[in-house]
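Here the structure comes first, spelled out in structure tokens, and everything after it is commentary.
The values are calculated or read from the model by the stated rules, or taken from the named source; none is laboratory data. Since this is a predicted model, take the numbers as computed values, not measurements. We place every Cβ from the backbone using ideal geometry, glycine too, and count neighbours over all the protein chains shown.
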Amino acid sequence: MDKFYVQMDSFSRQLIHDYEGVMKKIAGLGYAGVEIFYALHGGYTPSELKDFLASIGMEVIGSHVELEDTDEQLKYLPDTGCKYIICPGMHIGSLYEAYRAAETLNECGRKARSVGMKYGYHNHSTDFLSFGNKMIIDILIENTDPDLVTFELDAAWAWRAGVNAAEFISRHPGRFELIHVKETSADMEPMKFLKFPTDGERPVIKRGPSGWPLLTPEQEEALNKALSVNCELGKGIIDMPSIKKAADAQGVKAYVVERDYAWTGDIITSLKADADYLRAL
């Protein structure tokens with residue numbers, strides 16, 4: 001693989017202390033660009049961010065944006081050169097909500113297309129739960145317009161749900177333009193311990209400067225334990241070569257590394273190892 005990107009949540013906690021310095025280190029590892037995480041723009045205007053990244057050999061491939069922030073970010077992102085605006089996930093608890101979510105994705109897709117971008121949806125393991133004989137993710141794929149909405153398959157979340165990611169990609173030709181490259185050393189249940197107050201429909205999550213949720217000490221400990229299964233690429237249970245083969249056959253546009261846990265003890269050396277693995281893949 002000669003071109004790959006990295007999700008900024010992988011190093012967001014370092015980024016808030018030295019935006020330019022950390023970005024330059026990431027560029028030096030060979031990443032072609034970044035996927036923005038919760039509006040971590042470094043205080044740059046859109047054109048300034050585009051120019052800064054270009055000066056170090058990178059670009060913005062996409063941005064994870066909560067639904068309620070879509071309109072605001074669609075004003076900022078186009079001039080960065082960003083190609084995809086991606087919903088990081090939804091809380092879907094019924095068949096009705098699944099079909100309504102598909103309508104919402106189409107609506108966001110029309111907004112994104114009006115400014116020259118494409119809308120995407122990123123899965124978690126809960127998107128592979130079923131209502132009747134249909135998984136949530138299948139409902140979303142089958143009821144969204146391919147011209148408006150694409151999907152970013154998170155390989156680890158799929159595998160943790162017991163789904164063969166390569167086979168799933170092949171079942172839905174042309175619907176996955178982005179792949180989240182993430183390794184896992186074991187199956188795990190959805191992170192039910194991360195409970196937040198709701199507004200009656202969806203969780204209300206307060207976030208810190210890095211974009212990560214503000215957690216209690218107990219939640220932080222449980223989260224770190226859960227994320228520690230994000231091990232070195234190629235050393236876990238995910239068959240990355242088969243995923244790449246299936247995704248390449250379907251015309252995937254970008255592979256994006258998401259590193260939840262620095263298995264080396266340092267995020268930069270962990271991301272370097274990820275880059276080295278992908279170059280050889």
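Points worth noting:
- Among residues of the stretch 102-121, those that are within 18 Å of the chain's Cα centre (by Cα) and within 16 Å of I137 (Cβ to Cβ), counted: 4
- Cβ-Cβ distances below 7 Å connect the following pairs, each with a first residue in the stretch 174-189 that is under 14 Å from V6 (Cα atoms) and among the β-branched types (V, I, T), a second residue that is assigned to a loop (DSSP other than H, G, I, E, B) and at pLDDT 95 or above, and a separation of six or more residues or different chains: I179/V252.
- The condition of being touching a strand residue (DSSP E or B) at 6+ places or on another chain (Cβ under 9 Å) and surrounded by fewer than 19 Cβ atoms within 10 Å (Cβ to Cβ) holds for only one of E48, E66, E72, that being E66.
- Looking only at residues in the stretch 138-158 that are buried (at least 22 other Cβ atoms within 10 Å of the Cβ) and in contact with a helix residue (DSSP H, G or I) (Cβ under 8 Å, 6 or more places away or on another chain), the one that is modelled with the lowest pLDDT is W157.
- Residue tally, condition part of a loop (DSSP other than H, G, I, E, B) and surrounded by 24 or more Cβ atoms within 10 Å (Cβ to Cβ), over the stretch 170-182: 1
- Selection from the stretch 239-261 of residues that are over 22 Å from Y84 (Cβ atoms) and either within 17 Å of the chain's Cα centre (by Cα) or among the acidic types (D, E) (or both): D239, Y261
- Failed condition for E167, given (1) under 17 Å from the mean Cα position of the chain (by Cα); (2) at pLDDT 90 or above; (3) assigned to a helix (DSSP H, G or I): (1)
- Restricting the first member to the stretch 99-113 and to residues that are within 16 Å of K75 (Cβ to Cβ), and the second to residues that are in a helix (DSSP H, G or I) and hydroxyl-bearing (S, T, Y), the beta-carbon pairs closer than 7 Å and six or more apart or on different chains are C108/T70; K111/T70.
- Residue in the stretch 238-256 that is loosely packed, with under 15 Cβ neighbours inside 10 Å, assigned to a helix (DSSP H, G or I) and either small (G, A, S) or at pLDDT below 95 (or both) present: yes
- Here the stretch 123-141 is the region considered, the condition is being among the hydrophobic types (A, V, I, L, M, F, W, C) and not in a strand (DSSP E or B), and the residue that is farthest from K83 (Cα to Cα) is L129.
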